[in-house]
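Trainee: Following this message is one structure expressed as structure tokens.
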Amino acid sequence: ETGVTQTPRHLVMGMTNKKSLKCEQHLGHNAMYWYKQSAKKPLELMFVYNFKEQTENNSVPSRFSPECPNSSHLFLHLHTLQPEDSALYLCASSQDRVRMETQYFGPGTRLLVL
Amino acid sequence: DAKTTQPPSMDCAEGRAANLPCNHSTISGNEYVYWYRQIHSQGPQYIIHGLKNNETNEMASLIITEDRKSSTLILPHATLRDTAVYYCIVRVAGNQGGKLIFGQGTELSVKP
């Protein structure tokens, strides 16, 4: 599925760095999501945006800061991360928050925090 | 959302049909069955969903029992690229809020 793209695909950062993950969807969807997937663990929903408005923050630490400038783009700004934040970060989109059962995922960004 | 139970792993020979079962004995009348898969180190991919009737698309077929307490995802001619973890999710469609719960899934290995 190439409808959702994520950059970079791999990222290594130190605990004092600031970096951003980018997601773009070409499907005309109005809802976008950030997920975290740690090794051998189920996906964890982090943030939800619907029509550019953040509708959910699932108790995510403030060192993760999302931004949704328009319905096609979603960013995840990272600062002062911890090694335990190393994981696969996945972006997804759906038609809207109501029709969230059919989501289209990007390939993910593999993040390593040293 | 109803709880689902899937075998942790299955093997399938290349070219043969892969039949992945899912039990959802507590499913309620307005809950759909959704299937996703996740190939290693990639994002999950939506496959198919259904309510009561059997469904088929270009990727797979979904067979739901008459009592709706279980279902089977069928990949008719499995290839090596179908090796992935397959997730069965039960949810009310259009129920804004909540989240997709990806459990442990079934790890399907397609072997030459």
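The values are calculated or read from the model by the stated rules, or taken from the named source; none is laboratory data. Computed from a predicted model, the values in this text were never measured in an experiment. As a convention, Cβ positions derive from the backbone with ideal geometry for all residues, glycine included, and neighbour counts pool all protein chains shown.
Trainee: So if I check each of A:GLN54, A:GLN103, A:GLN95, A:GLN82, which one is surrounded by 20 or more Cβ atoms within 10 Å (Cβ to Cβ) and of a type outside the set (Val, Ile, Thr)?
Mentor: A:GLN103
Trainee: Any residue in the stretch B:9-22 that is touching a residue at least 60 places away in the same chain (Cβ under 8 Å) and under 25 Å from A:GLY106 (Cβ atoms)?
Mentor: yes
Trainee: Determine the pairs where a residue that is away from chain A (no Cβ under 12 Å), located within the stretch B:38-55, has a partner that is buried (at least 18 other Cβ atoms within 10 Å of the Cβ) and part of a loop (DSSP other than H, G, I, E, B) with Cβ atoms under 8 Å apart, the partner being 6 or more residues away or on another chain.
Mentor: Filtered contacts from the stretch B:38-55: B:LYS52/B:ARG68.
Trainee: If you don't mind, there's one more thing I want to ask. All but one of (1) touching a strand residue (DSSP E or B) at 6+ places or on another chain (Cβ under 6 Å); (2) facing another protein chain (nearest Cβ under 10 Å) hold for A:ARG99; which doesn't?
Mentor: It is condition (1) that A:ARG99 fails.
Trainee: Can you list the strands (runs of 3 or more DSSP E) found entirely within the stretch B:1-54 that contain at least 1 residues being farther than 25 Å from A:GLY3 by Cβ and modelled with pLDDT under 95?
Mentor: Numbers: elements: B:9-13, B:18-23, B:31-38, B:45-50.
In the stretch B:1-54, B:31-38 are the strands (runs of 3 or more DSSP E) which contain 1 or more residues that are farther than 25 Å from A:GLY3 by Cβ and modelled with pLDDT under 95.
Trainee: Looking at B:ASP82, B:ASP11, which is the one that is among the acidic types (Asp, Glu), more than 10 Å from every other protein chain (Cβ to nearest Cβ) and surrounded by fewer than 17 Cβ atoms within 10 Å (Cβ to Cβ)?
Mentor: B:ASP11
Trainee: Something else now. Since B:GLU107 meets every condition but one in (1) more than 9 Å from chain A (Cβ to nearest Cβ); (2) closer than 30 Å to A:TYR49 by Cα, which condition does it not meet?
Mentor: (2)
Trainee: Could you identify the single residue in B:ILE101, B:ILE89, B:ILE64 that is closer than 18 Å to B:ALA18 by Cα, of a type outside the set (D, E, K, R) and surrounded by 13 or more Cβ atoms within 10 Å (Cβ to Cβ)?
Mentor: So the residue among B:ILE101, B:ILE89, B:ILE64 that is closer than 18 Å to B:ALA18 by Cα, of a type outside the set (D, E, K, R) and surrounded by 13 or more Cβ atoms within 10 Å (Cβ to Cβ) is B:ILE64.
Trainee: With the requirement that a residue be more than 7 Å from every other protein chain (Cβ to nearest Cβ) and under 14 Å from A:TRP34 (Cβ atoms), what does the stretch A:102-113 give you?
Mentor: A:THR109, A:LEU111
Trainee: Same structure, new question: Is it the case, given these coordinates, that B:LEU75 is more than 14 Å from chain A (Cβ to nearest Cβ) and either crowded, with 21+ Cβ neighbours inside 10 Å or at negative phi (or both)?
Mentor: For B:LEU75, the condition - more than 14 Å from chain A (Cβ to nearest Cβ) and either crowded, with 21+ Cβ neighbours inside 10 Å or at negative phi (or both) - is met.
Trainee: Could you grab me the full set of residues in the stretch A:33-50 that are exposed (fewer than 13 other Cβ atoms within 10 Å of the Cβ) and either basic (Lys, Arg) or more than 12 Å from chain B (Cβ to nearest Cβ) (or both)? Even if it seems obvious, please write down each step before you answer.
Mentor: Residues of the stretch A:33-50 exposed (fewer than 13 other Cβ atoms within 10 Å of the Cβ): A:39-41.
Result: A:LYS40, A:LYS41.
Trainee: What do you reckon, is A:LEU11 touching a Cys at 6+ places or on another chain (Cβ under 8 Å), modelled with pLDDT of 95 or more and not in a loop (DSSP other than H, G, I, E, B)?
Mentor: Values: touching a Cys at 6+ places or on another chain (Cβ under 8 Å): no; modelled with pLDDT of 95 or more: yes; not in a loop (DSSP other than H, G, I, E, B): yes.
The answer is no for A:LEU11.
Trainee: Conditions: (1) away from chain B (no Cβ under 12 Å); (2) surrounded by fewer than 20 Cβ atoms within 10 Å (Cβ to Cβ); (3) outside any loop (DSSP other than H, G, I, E, B). A:GLY28 meets all but one. Number of the miss?
Mentor: Condition not satisfied by A:GLY28: (3).
Trainee: Out of the stretch B:18-37, which residues are more than 14 Å from chain A (Cβ to nearest Cβ), buried (at least 19 other Cβ atoms within 10 Å of the Cβ) and out of contact with any helix residue (DSSP H, G or I) (no Cβ under 8 Å at 6 or more places or on another chain)?
Mentor: Listed by number, the residues that qualify are B:LEU20, B:CYS22, B:HIS24, B:ILE27.
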